[in-house]
Structure formats: C-alpha cells, structure tokens
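First up is the structure itself, then whatever we jot down about it.
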Amino acid sequence: MTEPDSAAAAALDAGDEAGDERRDFLLIATSVIGATGTALALWPFIDTMNPSADVLALASTEIDLLPIEEGQSITIVWRGKPVFVRRRTAAEIEEARATSLDALPDPETDEARAEKPEWLILVGICTHLGCIPLGQKSGDPRGEFGGWFCPCHGSHYDTSGRIRKGPAPENLARPPYAFLDETTLKIG
C-alpha cells in the first residue's frame, strides 16, 4: 500500500506545482492589467496639469525692432505680463551710466541691465505691489529720473529701470531675451 500512496502523492505534488504555476501566472497577469488600467484612468487627470496650447504659444515671442525709432517705447505681452521695450537715446544711456551706484537702493550697473546699450527690455510690473508704471507713452509722467513712474505708490525708476525713489524694493525685472539678429528680439 505504500507504493500506491507514493504514486498518489507524486501525482498530487505534480498537480500542486502546475496549480502554483497557474496561480502565479494569474496573479502576475491580474497585477499588470490592474496597473495598466489605473494608469489609463489617471492619465486624463495628470494631463490636465500640463500647460495649455495658448500658454505654450506665449512661452516665447519674437519682436521686429526695425519700426521702433530712437526714444520710442513699445509694450508687448509675454506670459500675460507687460514687457517694456525701449530704444534709448544717447542722452538716456549716458544719464544711466553716469549714475553713482551708491545712490541706488538696488545697485546694478547699466551695462548689466542692457545687453545692447540702446535697447532696454524690462518686465513692466512695479516691484512694490505689482502695478504697471507709467512712462511708455509720450505724454506719460516719467518721474524725477526720466524712466518710469508708478502711480500706485510713487516709485520712480530711472532710464535703466532701476529704482531711485519710493517704496519699491528692487529694480524692474529683466525677462530672458536674446537678439536673433540686428532687428529681431526673442523674449523667453
């Protein structure tokens, strides 16, 4: 009787091994299908966190500088913010470079603020509370230093966009930009 018992035991062991392999396969297959289903269900929610097409389109912008005359300023919108592009006169450049850094609350040389001396590119948002300074249009007040004047709380900026007077803690910010050629500017 021991022989049939051992044969039956061997058959049971073989059946158990086949059952274990089947169970392992089913467990792995179910896990893979469950993980794939979860990822597919979550993808729409994750995708909504990506920037929309209109935001990506505004990530950078190119400007033709040819129509801007000396002494003229234009305002463009980049990433929902106003950007001031000013073609400075020789007198404005000289005035900005002659300013002593000791007289500035946020000292920065004019050379560090303008890649090309005649072109000044700044984010047109006051660093105090986010108002838009005046000085882009020919009739706007430009403050005591000939640059920009913030009407909200009275900050005065010079012809290099540096804070000279008022509550603003910092100079007007400079966006990332590059000159693609002599007449094309890329912001962003």
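Read-outs: derived from the displayed coordinates by stated rules, not from any lab. Since this is a predicted model, take the numbers as computed values, not measurements. Here Cβ is always computed from backbone atoms with ideal geometry, including for glycine, and neighbour counts include all displayed protein chains.
Descriptive notes on the structure:
- Calculated FRET efficiency, Asp64 to Ala103, Cβ-Cβ distance, R0 = 45 Å: about 0.80 to the nearest 0.05.
- Two-site FRET efficiency, Asp47 against Lys81, from Cβ-Cβ distance with R₀ of 25 Å, rounded to 0.05: 0.45
- When peptides 35-42, 163-170 are sorted by average Cβ neighbour count within 10 Å, with the highest value leading, the order is 163-170, 35-42.
- Summing Cβ point charges (Lys, Arg +1; Asp, Glu -1) relative to the Cα centre of the stretch 55-187 gives a dipole of roughly 480 debye.
- Between 0 and 90°, nearest 10: helix 2-47 axis offset from the chain longest Cα axis: 20 degrees
- A simple spin-label model places pseudo-atoms 7 Å from Cα toward Cβ; at Lys116 and Leu134 they are separated by 3.1 nm.
- P(r) weight above 20 Å for the chain, C-alpha pairs, percent: 66 percent
- Measuring nothing but how far apart in sequence close Cα pairs (under 8 Å, 6+ apart) lie, relative to its length, the stretch 10-154 scores a relative contact order of 14 percent.
- Of all aspartates and glutamates in the structure, the ones whose alpha carbon falls short of 12 Å from that of Lys186, not counting any fewer than 8 places away in one chain, are Glu62, Asp64.
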